[in-house]
Ligand SMILES: NC(=O)c1ccc[n+]([C@@H]2O[C@H](COP(=O)([O-])OP(=O)(O)OC[C@H]3O[C@@H](n4cnc5c(N)ncnc54)[C@H](OP(=O)(O)O)[C@@H]3O)[C@@H](O)[C@H]2O)c1
């Protein structure tokens with residue numbers, strides 16, 4: 001991925017404008033991460049959640065890529081601490097009875113071993129915990145990892161309640177910099193939350209960007225713009241999303257789609273065209 005495809009948030013976090021997601025790849029994880037990075041991706045999203053991610057195979061891919069000359073420092077790697085409710089009870093990567101602080105610490109040790117790296121660029125809380133005090137305890141444990149150099153930045157995922165995020169932001173000393181959310185109509189595309197993140201120099205990462213939005217991808221206005229730019233509807237929508245300040249994730253398994261996804265940075269939509277697509281989001 002050429003340098004200009006990296007973006008820097010107001011807070012100073014520099015990350016690729018498009019990130020490769022590793023969920024549901026199972027035994028193909030290493031092969032597919034290598035394929036994505038070889039194609040030009042430099043951002044990798046994973047989680048210490050064996051139910052959906054094979055984090056150790058992400059680590060195998062990183063090791064292989066380093067031997068090929070693409071070292072750890074050339075990549076942006078993020079992982080997550082997944083609270084108990086997000087795990088397959090048979091495959092919890094920490095002692096389930098332990099305190100939340102120990103759960104976070106142990107989960108991160110497993111991530112370091114899996115990924116064969118001392119640090120991640122960002123460590124995310126996979127989803128808010130209830131009650132709020134439990135989220136704060138998890139966050140404080142994540143802050144310890146941050147202070148020890150294990151994570152350069154912290155973030156949160158599946159956070160659709162702006163008031164919750166504002167409360168966290170107000171209470172903690174190491175502020176969240178990334179929010180990774182499902183980008184869909186049911187939450188009004190997080191319009192207010194995204195505006196608040198932008199004001200605070202934070203990054204919004206989207207998942208389900210294509211799969212949750214068939215209505216938008218099939219919309220004649222979007223189809224017509226795609227034709228005009230000689231790109232697919234998926235490329236057009238991904239590009240529009242990046243131009244409104246979002247960093248999307250893609251977990252494509254197809255080399256053709258990988259190449260198309262990276263090619264979105266070779267064209268730029270006009271302000272009017274972006275507004276037309278934003279209007280589709282409001283109508284959805
Ligand atoms: N924080 C969370 O709770 C959470 C939840 C879900 C996902 N995630 C992260 O987000 C990543 C992405 O997940 P996702 O659910 O957004 O999507 P995904 O797994 O990438 O699925 C997207 C679909 O879009 C297709 N696709 C990709 N690029 C395309 C293109 N250019 N043209 C047409 N089709 C294309 C893919 O098909 P092909 O494979 O055939 O290309 C796939 O069927 C995950 O791997 C994970 O890292 C996080």
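Counting only residues that are touching a helix residue (DSSP H, G or I) at 6+ places or on another chain (Cβ under 7 Å), within 27 Å of residue 201 (Cα to Cα) and without any contact (Cβ under 8 Å) to a residue 60 or more places away in the chain, how many does the range 245-267 have?
Residues meeting the conditions: 3.
Just to check your reading of the model, which residue among 180, 227 is within 16 Å of the ligand (Cβ to nearest atom), in a helix (DSSP H, G or I) and on the phi < 0 side of the Ramachandran plot?
After ruling out the rest, the residue left standing is 227.
Just to be sure I understand the filter: pairs with C-beta atoms under 6 Å, separated by 6 or more residues or on different chains, first member in the range 172-186 and closer than 19 Å to residue 145 by Cβ and touching a residue at least 12 places away in the same chain (Cβ under 8 Å), second member part of a loop (DSSP other than H, G, I, E, B) and away from the ligand (no atom under 14 Å from the Cβ). Which pairs pass?
Pairs found: 177/11; 177/13; 177/202.
It is to be established whether one or more residues within the range 93-100 are modelled with pLDDT of 95 or more, surrounded by fewer than 19 Cβ atoms within 10 Å (Cβ to Cβ), assigned to a helix (DSSP H, G or I) and over 19 Å from the mean Cα position of the chain (by Cα).
no
Given the conditions (1) at negative phi; (2) touching a helix residue (DSSP H, G or I) at 6+ places or on another chain (Cβ under 9 Å), which single one is not true for residue 190?
(1)
Residues being in a helix (DSSP H, G or I) and crowded, with 19+ Cβ neighbours inside 10 Å: count how many of those fall in the range 235-253. It would help to see each step written out before you state the result.
In the first step, residues of the range 235-253 are kept if they are in a helix (DSSP H, G or I); the result is 235-243.
From what's left, crowded, with 19+ Cβ neighbours inside 10 Å: 235-242.
Going through the range 235-253 one residue at a time, the tally reaches 8.
Out of the range 198-220, which residues are more than 11 Å from the ligand (Cβ to nearest atom), in contact (Cβ under 8 Å) with a residue 24 or more places away in the chain and surrounded by fewer than 14 Cβ atoms within 10 Å (Cβ to Cβ)?
Matches in the range 198-220: 215 only.
Quick one: how many residues across the range 5-41 are outside any strand (DSSP E or B) and over 18 Å from residue 58 (Cα atoms)?
Residues that pass the stated criteria total 7.
The values are calculated or read from the model by the stated rules, or taken from the named source; none is laboratory data. As the structure is a prediction and not an experimental result, all values here were calculated from the model. Virtual Cβ from ideal backbone geometry, glycine too; neighbours counted across all protein chains shown.
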